[in-house]
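Inspection log for the structure reproduced underneath, given as structure tokens.
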Amino acid sequence: MVDKRLIDQLRQIVGNENVLTSKISLETYAFDASPYSGRPSVVVFPTTTEMVVAIVNIANEKNIPLMPRGAGSCLSGGAVAPDGSIVISLTKMNNILEIDPLSKIALVEPGITNKQVQLAVESYGLMYAPDPASQNISTIGGNIAENAGGIRGVKYGSTKDHIIGLEVVLPTGDVITTGNIHSHVEPELDLTYYFCGSEGTLGIVTKAWLALSPINAEVKTMTAIFGSLENAGSCVADIIAQGVVPTTMEIMDNIVIKAVDDYLKLGLPRDAEALLLLEVDGFSSDVKTQVNSIINAFATNHALSYKIAGNEQERQDLWKARRSVNGALGKLKPANIVHDIVVPRDRLAIMLEKVAQLAKKYGIIIGQVAHAGDGNLHPTLYYDHRIPEEVEIIEEACDEIIKETIAQGGTISGEHGIGIEKLKYMPLAFNKPTLHLMKKIKDAFDPKNICNPGKLLPQITED
Amino acid sequence: MKKDELLKLLMNCNRCGLCQEVCPTYKVSHIEANVARGRNRLIRLALENQLNLDKEPEVEKIINECLLCKACEDSCPSGVPTPEIIASIRTHYTNTKGLSLGKKIMYRGVFSKNRNISLIRNLAWIYQKCGINKLVKFTGIFNKTDEMLPNLPPKNVRSLLPALIKKLPNPKHRVAYFLGCSVNNFFSSIGVASIKVLQENNCEVLVPEVNCCGAPHHSAGDMEEFKRLAKNNLKMLNNLDVEAIVFDCSTCGSVIKDYKNLFSGDKEYENVAAQVAEKVQDISSYLVSIDFNKNMGTISKKVSYHDPCHGIRFLKVKDAPREILKSIPGLELIEMQEADMCCGGAGSYGIFNPKFSRDILARKIGNYKNTQSDILATSCPACAMQLSFGMKLHNLNCSVKHPVELLAQAYEIKSL
């Protein structure tokens, strides 16, 4: 049973209407977009940094685990509430505090969604470069915690490349400000970097200074279809080798093409083995050269056909197709696991092929999309969680995918985070000294281990 | 719907959370229990016997707080039909517990019987005219709920029909006009305008003796009464020699179009319902399809348009009402943000869920205010009622009109 005094204290801090304690309401905060779930003891909705500090102080004093939460769209279980925890939902800290178009900086609260930021800065001819497929709902705080990349990642990088500074409430209750807010020059020991991808284990971001980028004058979106995943993969490596850096290079396999087309009815090529979606931007002369090199690469890699989006509607349709992948696949089976493995670009083709072989070997459905430009693959494995044998097979297949990734010189998570899902793979990806160092860093920020415990860092076994 | 069918639909939700972007109750509360993904999770737990639906009043409250606006379903990549799922659970509640007394009086006692609606309407008209309302307002006992009713017209549309319906010399079209309860009793100016506009476009207009479409009963899960009303309406609408059955109420139109699903598998009514559904037309779409008369006078006003849920998501009407508005000389159409977000009216939702209803309304009115227009147009009397209430609550001196009212006015100005 939850400590009644604790609840009273929390109510005093944030107000009655901003504390949820009933069994039913807690059920709706037990989960995120991953297959896991937990048992929080209370959910609070602070609206100021001071409130966050007061909540953290109580948790710290009473040794209660806490978890910051945004939209709860995490795919690896990062936003699954630890048992007995205080969930700090930041969805009501959702204001844009300032937009400075001259310095190209936006100051925002963590609960604002990525899309709302995009809409707000668009009128200045600016964008916030990270654009995860969940951007319509995922929050800036969550994007920072997971170091979200996105579809434009190949050209623009991930969240960590676009954060100028942060205000963070540490698990000890101290408030720090990182970064040099009025300049893009980074200090020697860059604290901002620690928080990007820390999965809510090091502190709670309460303000973020975002670096904005100009929207380029011209954009060309194109698609090409291939008779094999391998050809599509080599095409990507070729394009990059030619020195072209598209803003986007996405591969979708046949399963994904069909699922998305069922949902959107866009007339995608349903029998194509692979579809490559590309976008380039820049000044118009520059775009022309890039498009030519890409068309050459299509030819050398046996593309069956290609198309350039004729107008904005066609372009938006293609994007909608890509953004709907995660949800559209929900129809195939009641449960799924999405991986976000990364391999060097020249191994992309072989990795796509290996995953397809594994699907055959285990007799399971694996849908594949990839942010191919940065070697980030999203194999999605479908199963019925109510059938124990299926669960077992999926686990085995996942293990093999991860082993293959590491054998190809890759790593286990490009953007979804480690969360709960990939804890067991951490020792495969990092050696003991590295894991020990990570643990020491965690201890320095969170000596009592109350901040989103049980995520990201595995128990290190001594042998 | 059966339990395993429901579970199968619920399994399609992979908790991606995209419903957060469009769900009005989530937009104003930011709470997971108030969005499709949270509601679906609770229902799923119940169907998997981890929660007892009948012993958790909080779950029932959450189920009843859904507006059934369908925005989540339309943006759900897995196409989870949350409104249908919610409606099934409400039916379960109504079947096991019966309707609450308030709902029973309101739905079965009032909406089900044309005579009783008229009676109540007349009483309300007297209430508004004799000054008691000012006294009541002063005491504050209704917490402004009585202001939800629009200013009532002295007579309902049906009693005006003999004077309204003209015999046209050479009608080019023949249509049935569905006179719904709200338009008939509370917004007679819309009904009058619809008939006039249709006649102006050389349509011979029949007005069948229909009863309530059953929308309130359906949303409360009272399927028995809903079916009874639907059967009556189908009898009145079947075998009419008309090219279309025209609706100026998006709710009535979409409910009647959907009778075919209500009677799926029913030998007697399934075909009839499908035939009637074929003829259902939103009035703006119908006017556009017959290339309506563009000879009109000038209305120099700025107008913004609110999409009723039943218009944009059920009948799939988006461009037609805008086309009509833009065709009026002098009229400037200014789009508002979130034009297709529910207004929070949702039938009788506002009466049973005042907090949510008013928060959503405040957001809607805020979006409207930003357009700085003079008139808010919409194609549903239920929305019109809620939006007019919003104008009062937020002290805006702007009127709410159906596009056909403006069209009728433009025709009238021309003929002066």
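Tabulated data
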quantity	calculated
Dipole moment magnitude, nearest 20 debye, chain B about Cα centre, only Lys, Arg, Asp, Glu C-beta charged	960 debye
Estimated FRET transfer efficiency when R0 is 45 angstrom, pair B:L160-B:N95 (beta carbons, to 0.05)	0.65
Distance between modelled label sites at A:K265 and A:S22, nm, 7 Å Cα→Cβ extension	3.9 nm
Computed Kirkwood radius, in angstrom, where 1/r is averaged over Cα pairs of the stretch A:119-230	15.5 Å
Positive minus negative residues near A:L358 (Lys, Arg vs Asp, Glu; Cβ under 14 Å)	-3
Sum of side-chain charges, A:Y263 neighbourhood, beta-carbon under 15 Å (Lys, Arg +1; Asp, Glu -1)	+2
Crossing angle, helix B:270-279 versus chain B [Cα axis fit, 0-90 degrees, rounded to tens]	40 degrees
Pairwise centroid distance, computed over Cα atoms, of the stretch A:4-42 with the stretch A:182-256, Å	35 Å
Tail weight of P(r) past 14 Å, computed on alpha-carbon pairs of the stretch A:1-45, percent	49 percent
20 Å-binned pair-distance histogram of chain B (Cα, whole percent)	26, 59, 15, 0
Compactness relative to 2.2 N^0.38 Å, alpha carbon Rg of the stretch A:268-333	1.32
Shielding of B:68-78 by partner chains, average beta-carbon count, 10 Å	3
Anisotropy class of the stretch A:59-181 from Cα gyration tensor, a/c 1.5 cut	prolate
Order of B:D266, B:D319, A:D340 under a 10 Å beta carbon neighbour criterion, fewest first	B:D319, B:D266, A:D340
Chain A: angle of helix A:4-14 to the longest principal axis, Cα-based, in degrees nearest 10	70 degrees
Sites A:I7 and A:D399 - FRET efficiency at Förster radius 35 Å, r taken between beta-carbons, to 0.05	0.25
Separation of the B:K61 and A:I441 label points, Cα + 7 Å toward Cβ, nm	4.4 nm
Cut-off 12 Å between beta-carbons: net charge of the residues surrounding B:K166, Lys and Arg +1, Asp and Glu -1	0
B:D54 versus A:Y306: modelled label distance in nm, points set 7 Å from Cα along the beta carbon direction	6.5 nm
Residues of type lysines that A:K361 reaches as a straight line, Cα spacing below 21 Å, ignoring anything fewer than 8 places off in the same chain	A:K333, A:K403
Burial ordering of B:C72, A:C398, fewest other beta-carbon atoms within 10 Å first	A:C398, B:C72
For the stretch A:126-171 versus the stretch B:326-342, the gap between their alpha-carbon centres in whole angstrom	35 Å
Rg ratio (alpha-carbon, reference 2.2 N^0.38 Å) - the protein assembly as shown	1.02
Rg/Rh (Cα only; Kirkwood hydrodynamic radius) as it applies to the stretch A:4-89	0.95
Cα-Cα P(r), the stretch B:258-380, percent of pairs per 10 Å interval	12, 32, 30, 19, 6, 0
Beta bridge orientation in chain A: antiparallel %, DSSP, nearest 5	85 percent
Whole-angstrom gap from the stretch A:323-382 to the stretch B:344-416, using each part's C-alpha centre	48 Å
Greater than 23 Å apart at Cα, pairs in B:K231/B:K257; B:K167/B:K316; B:K3/B:K104; B:K231/B:K318; B:K155/B:K227; B:K302/B:K392	B:K167/B:K316; B:K3/B:K104; B:K231/B:K318; B:K155/B:K227
Between 0 and 90°, nearest 10: helix A:229-241 axis offset from chain A longest Cα axis	80 degrees
Rg/Rg_ref, the stretch B:157-289, where Rg_ref = 2.2 N^0.38 Å and atoms are Cα	1.03
Options B:S388, B:L407, B:T371, ranked by Cα towards positive dipole end of the stretch B:300-416, top entry (Cβ charges)	B:S388
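No lab work stands behind these numbers, since they all come straight from the coordinates. Quantities reported herein were computed from a predicted structural model and do not represent experimental measurements. A quick note on method: Cβ atoms are made from the backbone with ideal geometry, for glycine too, and the neighbour counts reach across all protein chains shown.
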